[in-house]
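To start, the structure itself, in structure tokens.
The values are calculated or read from the model by the stated rules, or taken from the named source; none is laboratory data. Bear in mind the structure is a predicted one, so any value in this text is a computation, not a measurement. A quick note on method: Cβ atoms are made from the backbone with ideal geometry, for glycine too, and the neighbour counts reach across all protein chains shown.
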Amino acid sequence: MTMKFLMRRNYFQDIQLFKFRSTLLWYMALVVGLVIAPFFIGTYFTYIFTLIAIYAIVSLGLNILTGYTGQISLGHAAFFAIGAYTSAYLTATVGLSFWLALPAAGLAAAVVGLVVGIPSLRLSGLYLAIATMGLAFIIEEVILQWKDVTNGINGMALLRPHLGPITFDTDQKYYYLSLAFLILFILVAKNLMRTPTGRAFIAVRDSEIAAQAVGINLARYKVWAFVISAFYAGVAGSLFGHFMTFIGPDNFTLLESIGFLAMIIVGGIASVHGSIYGAVFMTFLPEIIRLAKDYLPPILQEKVGLQAAAYGIILMLFVIFEPMGLYGRWLKLKFYFETFPVYKKETFRKERKFYRSERSR
Amino acid sequence: MLWQQIISGVAVGCIYALVALGFVLIYKATEVVNFAQGEFMMIGAFVAYTLIALLKLPFLPALAFTLVFMFFFGIFLDRVMFRPLVGEEAFALVMVTLGLSFTLRSVAGMIWTYDTFDFPFVFSEKPLALGSLVISTIHLTIIVSSVILVFLLYLFFKFTDIGIAMQATSQNQLAAYLMGIGVKKVFLLTWAISSVIAAVAGILIAPISFLHANMGFIGLKAFPAAVLGGFGSIPGAIVGGLIIGLSENLAGAYLTTGFKNVFAYIILIIVLMIRPEGIFGIQEKKRV
């Protein structure tokens, strides 16, 4: 394998979406592959792939908040729920079209994000984690109690959307719809990260003090990241609702929020690739668990809670042993071959801080 | 009726205060925000239950054994899981404790199933009558034991060498280290003490709430308590816990259904809006 060298001729080269033309070609090949995939993989995997596309949108949004801006949200299922229920209410009860309900779902989630984000983001990142956890519990309760709008524990039915003569009634058609939205949101995320706003996010994550010193308004950018992230989750929630055609309070529990976080940790923090890998991994996980059950000792097979345990163990193992996630592992592998035989493990050494960063007391 | 509600609110508040206390101790000493504190409580209660109800041990030896077990449980967790992560970003630590909480909950579910158990109560359940006021002995036990525990902890931190060393470490790790304090030992002890406090809280609350693998969710309400009191302040954790318990109980009695479950979080969001530093908190200042 030969190493590619990049000749830098101007500064814009550094923020190009694709560094090499071959990269663009590979991505186009991937898109083509994904478009023709449903013809080969059967209906069940088309269903799984659609779910992956929807979850990948959430995990992209969460990665903008957590990976790039360094803030933790433990309640993304709440925004996912707000999106799904807003869309359900607007299409089923008000009678709006899906194409209006979808952005409205994103906006509704973003507005709730704004309300929670403004007070909690003035403080250190831990407050956001706790406040969003509280929000997740509140939203769960609101869904149960606000029966006029949400139909309480009985859940709501949704219809598959249509565009002109096309109705996205089969899973395969809905897969294309979700894939289109995913590609759109990937491009938005990629582009966001090369704007001054995106670079401000990263600056806030790396050092709040340094960011402030160069004139970045901390609270504003943190709230921005949070609102964008909530918008992603809201849109994905709407897509999820119309895909499942039925939503209930069970779909949006704390476990779901942790699942979203697990996606970005497993996939890779602060990377678009990682968000997708994580969504793929976490969506397949229940299937893997189901398959693995046959090989487990019989005493474990019958037990409920296997999935939650798997989430927990995977979270711990990845944070401890591979904090950069699957994408980080891939980068290391690539780097190993590119620099062979002079690869140094130290290149990817974790940087640790042994002094107090959060408080001076 | 009102007084009844207030007393049971204070009793529940004591539990929140104990859980919040354990979690603030860990946060102050090691900067880890422990989302598994409620699960420590659950594990403690289950261990005690197993000893009392299944192995037919008398209460006091069972209690002693549970506390010793939880002491070593805390030490084990610190040694195996958290020491390798010292100095890691806050984000990574939060994820590890979250993962730990889910794992512990599932493991407890696998061992003890997801059924609800009756936790045996040691004293007579005959309520105490003070004039027109009737106090359940369970509530009284919770309040008295919490006061005693907090007082013991106060003495420990104020007058013992190791307690003072722990205070010093929580103020400035590096300076404490340079003064010859064994920071690693302090961390171990912090985890151990927090686990023991959580176990006491679990044993106290189990007779009135329920004993269930998901009872750790009660522990999550320690977070609003800690924020209300001022994040990282020990008296704040206690006062915050009491206020949350009290107001939650009153909300359950006088507001429509559904409010009780989430009232703690509603308070949390209101506190963040009007006084984010909490009651005893000092505005955080950052050092470059």
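Some notes on this structure:
- A:Glu351 being under 30 Å from B:Gln173 (Cβ atoms), more than 8 Å from chain B (Cβ to nearest Cβ), in a loop (DSSP other than H, G, I, E, B) and modelled with pLDDT under 75: yes
- All helices (runs of 4 or more DSSP H) inside segment A:152-219 with 1 or more residues being among the aromatic types (Phe, Trp, Tyr): A:171-192, A:196-206
- Considering residues of segment A:97-122 that are buried (at least 22 other Cβ atoms within 10 Å of the Cβ), hydrophobic (A, V, I, L, M, F, W, C) and under 25 Å from A:Ile209 (Cα atoms) only, the residue modelled with the highest pLDDT: A:Val116
- Just one of the listed residues (B:Thr103, B:Thr116) is over 23 Å from B:Lys184 (Cβ atoms), facing another protein chain (nearest Cβ under 7 Å) and out of contact with any Cys (no Cβ under 6 Å at 6 or more places or on another chain), namely B:Thr103.
- Check on B:Ala165, at pLDDT 85 or above and buried (at least 24 other Cβ atoms within 10 Å of the Cβ): no
- Pairing each residue of segment B:31-59 that is more than 30 Å from B:Ala226 (Cβ to Cβ) with any residue that is of a type in the set (Val, Ile, Thr) and surrounded by fewer than 24 Cβ atoms within 10 Å (Cβ to Cβ), provided the two are 6+ apart or on different chains, yields C-beta distances under 7 Å for B:Phe59/B:Ile52; B:Phe59/B:Val122.
- Scanning segment B:244-265 for residues that are of a type in the set (A, V, I, L, M) and either surrounded by 16 or more Cβ atoms within 10 Å (Cβ to Cβ) or part of a helix (DSSP H, G or I) (or both) yields B:Ile244, B:Leu246, B:Leu250, B:Ala251, B:Ala253, B:Val262, B:Ala264.
- Long-range neighbours under 8 Å by Cβ, at least six apart or interchain, first residue more than 8 Å from chain A (Cβ to nearest Cβ) within segment B:242-271, second outside any helix (DSSP H, G or I) and at pLDDT 85 or above: B:Ile244/B:Lys221; B:Glu248/B:Lys221
- Selection over segment A:253-283 of residues that are assigned to a loop (DSSP other than H, G, I, E, B) and under 16 Å from A:Gln307 (Cβ atoms) gives a count of 1.
- Scanning segment B:219-233 for residues that are under 13 Å from the mean Cα position of the chain (by Cα) and modelled with pLDDT of 85 or more gives B:Leu220, B:Lys221, B:Ala222, B:Phe223, B:Pro224, B:Ala225, B:Ala226.
Let's see how each residue does on (1) buried (at least 24 other Cβ atoms within 10 Å of the Cβ); (2) modelled with pLDDT of 90 or more; (3) on the phi < 0 side of the Ramachandran plot:
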{"residue": "A:Phe231", "(1), (2), (3)": "yes, yes, yes"}
{"residue": "A:Val235", "(1), (2), (3)": "yes, yes, yes"}
{"residue": "A:Phe240", "(1), (2), (3)": "yes, yes, yes"}
{"residue": "A:Pro249", "(1), (2), (3)": "no, no, yes"}
{"residue": "A:Leu255", "(1), (2), (3)": "no, no, yes"}
{"residue": "A:Ile264", "(1), (2), (3)": "yes, yes, yes"}
{"residue": "A:Ser275", "(1), (2), (3)": "yes, yes, yes"}
{"residue": "A:Val280", "(1), (2), (3)": "no, yes, yes"}
{"residue": "A:Leu285", "(1), (2), (3)": "no, no, yes"}
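- Residues being within 11 Å of another protein chain (Cβ to nearest Cβ) and either in contact with a Phe, Trp or Tyr (Cβ under 6 Å, 6 or more places away or on another chain) or not hydrophobic (A, V, I, L, M, F, W, C) (or both) - total across segment B:231-241: 2
- Listed by first and then second residue, the pairs with beta-carbon distance under 6 Å, at least 6 apart or on different chains, first residue in segment A:322-345 and under 16 Å from A:Val272 (Cα atoms), second among the aromatic types (Phe, Trp, Tyr) and surrounded by 11 or more Cβ atoms within 10 Å (Cβ to Cβ), are A:Leu326/A:Tyr277; A:Tyr327/A:Tyr277.
- Residues located in segment A:53-96, provided they are surrounded by 24 or more Cβ atoms within 10 Å (Cβ to Cβ), away from chain B (no Cβ under 14 Å), under 29 Å from A:Leu144 (Cβ atoms) and of a type in the set (Val, Ile, Thr): A:Ile54, A:Ile57, A:Val58, A:Ile82, A:Thr86, A:Thr91
- Segment A:1-39, subset aromatic (Phe, Trp, Tyr) and closer than 30 Å to A:Phe337 by Cβ, residue modelled with the lowest pLDDT: A:Phe5
- Residue match in segment B:91-99 (condition: within 14 Å of chain A (Cβ to nearest Cβ), touching a residue at least 24 places away in the same chain (Cβ under 8 Å), part of a helix (DSSP H, G or I) and not hydrophobic (A, V, I, L, M, F, W, C)): yes
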